[in-house]
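In what follows, a structure is listed as structure tokens, so that the remarks can point back to it.
The values are calculated or read from the model by the stated rules, or taken from the named source; none is laboratory data. The structure presented is a predicted model; accordingly, all values stated were derived computationally and were not measured. Quick reminder, even Gly has a Cβ in these numbers, built from the backbone with ideal geometry, and neighbours come from all protein chains shown. The accessibility values were calculated without ligands, DNA or RNA, using every heavy atom of the protein model including side chains. Shrake-Rupley method; radii C 1.70, N 1.55, O 1.52, S 1.80 Å.
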Amino acid sequence: MTKPKVAFYWCAACGGCEETVVDLAEQILDVVAAVDIVFWPVALDFKRKDVEAMPDKSIAACFLNGAIRTTEQEEMAHLLRRKSQTLLAFGSCAQLGGIPGLANLWQRESVLERVYQECPSNVNLDGVRPSRQYRDNGHSVTLPTLFDTVLTLDQVVDVDYYVPGCPPTPKLLLEAVQALLGGNLPPKGAVLAPDHALCEECPRKDTRPDKLMLTEFKRPHEALIDEEKCLMAQGLLCMGPATRGGCEALCVKGNMPCTGCFGPTSRVKDSGAKALSAFASLVNSNDEKEIAGILGNIADPVGTFYRYSLPSSLLRRKRVEA
Amino acid sequence: MQEPSERGSRASRVGVFVCHCGTNIAGTVDVCRLVEYAGTLPGVALAREYKYMCSDPGQELIQQEIREHGLDRVVVAACSPCLHEKTFRTATAKGGLNAYHFQMVNIREHDSWVHEDKDAALEKAKDLVRAAVRRVRLHQALETKRASINPDVLVVGGGIAGIHAALTLANAGKHVYLVEREPTIGGHMAKFDKTFPTLDCAACILTPKMTAVKAHPNITLWTLSEVTRVEGYVGNYQVNVTRKPRYVLEDLCVGCLECIEACVYQQAKVLDEFNLGLGKRKPIYIPFPQAVPLLVVIDPETCIEFKSHKCKKTCVEICGERNAIDFEQQDRTETIEVGTIILGTGFKVFDARRIPYYGYGTYPNVYTSLELERLVNASGPTGGEVVLRDGRTPKSVGIIHCVGSRDAHTNRYCSRVCCMYSLKLAHLIKEKTEADVYNFYIDMRTPGKGFEEFYNRVAEEGLKLVRGKVADVYPEGNGDGRLVLQVEDTLLGMVRKVPVDMVVLSVGLEAQADAQEVRRMFNITCAGEGFFLERHPKLAPVNTFTDGIFLAGCCQSPKDIPDTVAQAGAAAAEALALIDAGSIEMEPNTAYVLEEVCSGCKTCIPMCPYSAISFLEDKKKAEINEVLCKGCGTCVAACPSGSIRQNLFEDEEIFEEIEGVLTYA
Ligand SMILES: Cc1cc2nc3c(=O)[nH]c(=O)nc-3n(C[C@H](O)[C@H](O)[C@H](O)COP(=O)(O)OP(=O)(O)OC[C@H]3O[C@@H](n4cnc5c(N)ncnc54)[C@H](O)[C@@H]3O)c2cc1C
Ligand code: SF4
Ligand code: SF4
């Protein structure tokens with residue numbers, strides 16, 4: 001019997017999602033024993049033309065990580081969609097836009113300006129910018145175009161399942177593979193993780209007071225963090241209450257607040273807005289000025305509440321200037 | 001996000017009914033074209049128009065069409081749901097559907113009344129109808145629950161409003177708790193000598209009612225008391241009343257007043273609040289001779305025993321075996337359960353110091369009208385003689401109307417009673433002193449029963465009426481204490497300077513200083529000027545937006561005694577109507593926790609303004625008490641994992657509605 005074929009691909013992402021596969025450690029052997037990895041550019045030498053040569057739907061499952069922000073990534077997404085029976089958006093960037101998605105607060109031009117010119121670590125006296133066509137020694141190279149807006153995978157192609165996390169935990173990956181192999185998958189469109197918020201599985205849950213209201217929001221470096229007590233109760237902006245569980249509170253166990261990489265539960269349409277509304281509700285004041293002061297305390301609200309989800313939010317991006 | 005289809009399919013036989021409201025709607029919105037459009041919307045089985053949808057035939061039409069055409073949802077495009085949502089829900093139910101398989105669209109207040117461009121108004125009506133149709137197709141069947149009504153009533157404030165409401169209810173056999181924060185009931189009216197427009201003696205009509213309150217077996221009267229906590233909901237309020245110490249035991253004091261006589265203070269030295277500081281009292285005193293309850297009270301600020309613990313306590317000595325004086329008395333809190341609440345917390349007078357050029361507080365001969373009420377009062381500090389602070393009788397008096405009313409710098413509204421009480425005071429001053437009395441008015445407002453007649457009568461007594469706003473009050477300069485009023489007489493068209501011995505400022509009526517705290521505690525609203533807001537200015541003038549809480553008297557707006565009493569009677573009747581019905585239907589638009597997925601994060605627990613949410617320690621989940629929930633939606637918005645939903649405001653319904661209104665047709 002032929003083993004089911006599996007592909008991994010990497011778009012706009014940091015590479016952490018690939019680490020998850022590696023982090024399977026010896027369990028990767030079980031995976032390899034059960035499936036045939038037919039495409040995994042980060043580890044195995046396959047080319048795009050190899051994929052193009054495969055019959056449509058010949059790949060059983062493709063785990064695609066990273067957001068889509070170039071023409072090449074868009075093409076690969078379409079190609080892999082065509083070749084795969086099941087396409088999984090793997091990790092926050094593919095699912096929600098992720099950290100690269102914060103680029104949607106700027107225009108492409110200002111991003112390039114920053115990266116190639118303004119950045120203090122740059123020396124680019126000639127003001128060189130990447131150009132689409134590059135000729136050297138009679139060879140011509142074509143670079144993909146950078147989009148103005150970072151997209152989630154499902155804004156480009158139809159997605160069957162989502163595996164959340166920045167990156168997803170090896171356990172979730174293994175469970176996803178097992179579910180695929182066992183054929184016991186939830187309805188299409190599901191996120192392959194529990195559908196409750198993180199607090200449910202948080203070891204500090206019981207230490208949160210019943211009626212918690214806050215007069216100050218702190219950043220982790222501003223507090224000596226107690227290792228036992230609910231982080232919210234310590235005034236830290238922990239995204240746990242607004243974030244899907246399934247990571248088993250990894251960050252909290254490392255004494256750091258949750259930053260929300262697992263995204264919202266299925267019941268929330270715009271995770272940042274929801275989190276913002278929840279945390280704003282906790283402000284313990286009726287005085288307009290005082291409230292403004294307390295909320296003003298939150299450094300980088302978009303980067304805090306939409307850290308992983310700006311492209312998937314209702315607004316998607318900052319207004320495009322005409 | 002769960003798709004609506006997963007929660008039950010969309011209904012597909014919606015009936016849309018569009019009301020003309022005479023020409024109110026049809027005059028601006030082309031009703032026929034709206035109906036034509038509604039008929040084309042997906043899921044709409046039929047669309048009809050009618051002249052008055054709320055009329056009996058209009059409601060009949062809805063029921064008949066439901067039956068004949070097998071409609072499964074109803075949309076009525078008419079006026080505000082505040083007016084007729086109930087009407088049409090009932091019609092929907094009578095037609096055989098669940099009452100909540102209904103959605104109302106407001107194309108009157110939100111459309112025809114506020115737009116002139118007819119084409120645009122039609123487009124807006126289409127958008128609103130489209131949104132409602134999309135939403136109603138997802139509506140779930142809901143059931144209404146009933147809450148029982150505790151027959152006991154709380155009345156807050158013992159002015160004429162509270163007194164009248166309490167007596168009406170008590171006479172109907174209901175138990176009333178009357179809570180007053182001063183040592184006596186009576187409110188402002190107890191300070192007056194005569195009342196306009198009849199000039200009958202205030203005490204003669206008020207004190208019998210005050211003693212009736214005290215004597216009534218159905219009334220529990222708590223003076224020196226304030227409400228400090230209100231919880232619960234219509235029919236079932238739990239209220240804490242904090243009773244401040246009187247230092248005199250109510251059941252032991254017989255009101256002989258011997259202790260006042262016996263106090264180590266030979267002379268009354270303390271400025272007396274009831275007389276607005278125009279008279280003096282002792283540390284142990286009664287506010288005024290007809291005070292109810294007629295019990296002495298000790299003022300710990302000035303009593304020597306409280307200051308030094310070294311007083312001879314002659315008061316205790318004389319009280320003797322009655323043993324009614326207790327210096328150790330502390331605050332006590334009583335918890336009561338009532339079904340309905342009437343607020344009659346009244347008003348405060350405008351602080352005349354806020355208009356410095358009238359010189360109140362600077363020139364001794366400038367008085368407020370309320371002070372004059374005490375001076376003309378036979379039981380007041382001067383025994384009813386109108387004399388200046390130096391004992392002289394004024395030969396001329398200037399009364400300035402509208403002080404702190406009808407003025408962009410203070411209050412824009414008219415305080416309604418000042419013209420009339422100014423005329424009353426003018427008459428009384430004239431009667432007692434034969435002084436020349438000038439009334440400086442902006443407009444003379446006498447729009448009540450017998451008011452114009454009263455004005456004519458007083459005017460004929462030789463009153464000097466000057467139409468104009470006084471710009472300045474200053475001393476004459478020769479040191480005799482006379483004051484000059486500078487005014488532009490708008491009838492003569494010239495600036496006049498009128499010297500007088502006494503100036504009376506007819507101060508306006510303002511909301512109580514603590515109105516905001518009180519409104520928060522009772523969870524009602526204040527209008528812009530700070531008075532408590534009624535549910536509807538015409539159709540629900542004594543109701544508030546909180547069921548079971550009613551308003552009476554000047555806490556709602558400035559008014560005179562007849563209007564106050566009428567309103568107090570109306571508030572009592574509203575409370576009685578609830579009590580006699582025995583129970584009340586509760587809106588089913590409550591919130592509920594999806595227990596399965598609630599993470600127990602507790603974000604929602606402190607959110608609920610009605611304390612409806614509790615945390616179940618065993619399950620580690622939140623739970624909402626359906627009876628306490630008012631459907632405000634606060635917790636729904638706050639739950640960070642989207643685990644609280646709300647009947648009639650399900651996410652899908654709201655998103656459908658938004659999409660419906662934004663879709664370009
Ligand atoms: C100078 C002047 C002259 C007037 N002359 C006339 C007249 O001749 N004829 C006429 O018809 N009208 C007259 N009025 C109007 C009249 O005073 C009011 O119509 C009437 O007093 C309104 O009664 P009320 O019970 O609403 O308020 P109030 O008389 O103000 O009584 C309110 C009561 O509630 C108590 N209270 C307030 N807050 C609380 C609380 N939180 N807890 C417990 N108790 C509380 C107060 O202590 C007070 O006893 C005059 C008004 C003024 C200012
Ligand atoms: S909706 Fe929520 S916050 Fe509002 S009354 Fe109900 S339980 Fe309380
Ligand atoms: S806010 Fe939501 S998740 Fe948190 S305890 Fe309340 S219902 Fe549960």
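What the table below lists for this structure:
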| read-out | value |
| --- | --- |
| From A:ASP210, A:ASP206, residue being touching a Phe, Trp or Tyr at 6+ places or on another chain (Cβ under 8 Å) and open to solvent by 60 Å² or more (accessible area, probe 1.4 Å) | A:ASP210 |
| Unmet criterion (only one of (1) surrounded by fewer than 15 Cβ atoms within 10 Å (Cβ to Cβ); (2) within 14 Å of ligand 3 (Cβ to nearest atom)) for B:LEU662 | (2) |
| Test: residue in region B:598-610 that is among the hydrophobic types (A, V, I, L, M, F, W, C), away from ligand 3 (no atom under 16 Å from the Cβ) and surrounded by 16 or more Cβ atoms within 10 Å (Cβ to Cβ) | no |
| Condition met for A:ALA25 (assigned to a loop (DSSP other than H, G, I, E, B), within 25 Å of the chain's Cα centre (by Cα), in contact (Cβ under 8 Å) with a residue 40 or more places away in the chain and surrounded by fewer than 16 Cβ atoms within 10 Å (Cβ to Cβ)) | yes |
| Which numbered condition B:ALA378 fails, given (1) touching a residue at least 60 places away in the same chain (Cβ under 8 Å); (2) assigned to a loop (DSSP other than H, G, I, E, B); (3) touching a helix residue (DSSP H, G or I) at 6+ places or on another chain (Cβ under 7 Å) | (3) |
| Conditions (1) out of contact with any Gly (no Cβ under 9 Å at 6 or more places or on another chain); (2) among the β-branched types (Val, Ile, Thr); (3) surrounded by 11 or more Cβ atoms within 10 Å (Cβ to Cβ); (4) not in a loop (DSSP other than H, G, I, E, B): number failed by A:VAL150 | (1) |
| Index of the failed condition, A:ALA94 passing every other in (1) farther than 30 Å from A:THR243 by Cα; (2) open to solvent by less than 10 Å² (accessible area, probe 1.4 Å) | (1) |
| Scan of region B:403-436 for residues that are assigned to a strand (DSSP E or B) and either modelled with pLDDT under 95 or open to solvent by less than 20 Å² (accessible area, probe 1.4 Å) (or both), ordered by number | B:VAL403 |
| Cβ-Cβ under 6 Å pairs, at least 6 apart or on other chains, region A:62-85 side over 22 Å from A:LEU173 (Cα atoms) and in contact (Cβ under 8 Å) with a residue 12 or more places away in the chain, far side open to solvent by 20 Å² or more (accessible area, probe 1.4 Å) and polar (S, T, N, Q) | A:THR71/A:THR145 |
| Where A:VAL159 falls short, out of the listed (1) buried (at least 21 other Cβ atoms within 10 Å of the Cβ); (2) free of Cβ contacts under 8 Å to residues at least 12 places away in the same chain | (2) |
| Only one of B:ILE561, B:ILE549 that is at pLDDT 95 or above, within 19 Å of B:ARG229 (Cα to Cα) and not assigned by TED's automatic domain parsing to the domain that holds B:LYS86 | B:ILE549 |
| Qualifying position, being within 30 Å of A:VAL191 (Cα to Cα), open to solvent by less than 50 Å² (accessible area, probe 1.4 Å) and among the polar types (S, T, N, Q), among A:ASN104, A:ASN124 | A:ASN104 |
| Single condition A:PRO168 does not satisfy, out of (1) within 14 Å of chain B (Cβ to nearest Cβ); (2) in contact with a Phe, Trp or Tyr (Cβ under 7 Å, 6 or more places away or on another chain); (3) crowded, with 22+ Cβ neighbours inside 10 Å | (1) |
| Residue pairs meeting the criteria (Cβ under 8 Å; at least 6 apart or on separate chains; first in the same structural domain as B:ALA471 (by TED's automatic domain parsing) and open to solvent by less than 20 Å² (accessible area, probe 1.4 Å), in region B:353-369; second of a type in the set (Ser, Thr, Tyr) and in a helix (DSSP H, G or I)) | B:VAL366/B:TYR358; B:SER369/B:TYR421; B:SER369/B:SER422 |
| Boolean, B:ILE355 is under 30 Å from B:LEU388 (Cα atoms) and of a type in the set (A, V, I, L, M) | yes |
| Qualifying residues in region B:611-649 (those that are at positive phi and out of contact with any helix residue (DSSP H, G or I) (no Cβ under 9 Å at 6 or more places or on another chain)) - the one farthest from ligand 3 (Cβ to nearest atom) | B:LEU648 |
| Residue match in region B:641-664 (condition: over 29 Å from B:VAL133 (Cβ atoms), within 14 Å of ligand 2 (Cβ to nearest atom), in contact (Cβ under 8 Å) with a residue 60 or more places away in the chain and not assigned by TED's automatic domain parsing to the domain that holds B:THR546) | no |
| Check on A:GLN155, of a type in the set (S, T, N, Q) and within 26 Å of A:ALA249 (Cβ to Cβ) | no |
| Hits in region A:190-224 (condition: assigned to a strand (DSSP E or B) and either within 30 Å of A:THR86 (Cα to Cα) or within 11 Å of chain B (Cβ to nearest Cβ) (or both)) | A:VAL191, A:ALA197, A:LEU214 |
| Criterion (under 25 Å from A:PRO167 (Cβ atoms), touching a residue at least 60 places away in the same chain (Cβ under 8 Å) and within 14 Å of chain B (Cβ to nearest Cβ)) met by exactly one of A:CYS258, A:CYS238 | A:CYS258 |
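Yes or no, residue by residue, for (1) closer than 16 Å to B:SER599 by Cβ; (2) of a type in the set (A, V, I, L, M):
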residue	(1), (2)
A:GLY183	no, no
A:GLU200	yes, no
A:THR207	yes, no
A:PHE217	no, no
A:HIS221	no, no
A:LEU237	no, yes
A:GLU248	yes, no
A:GLY254	no, no
A:VAL283	no, yes
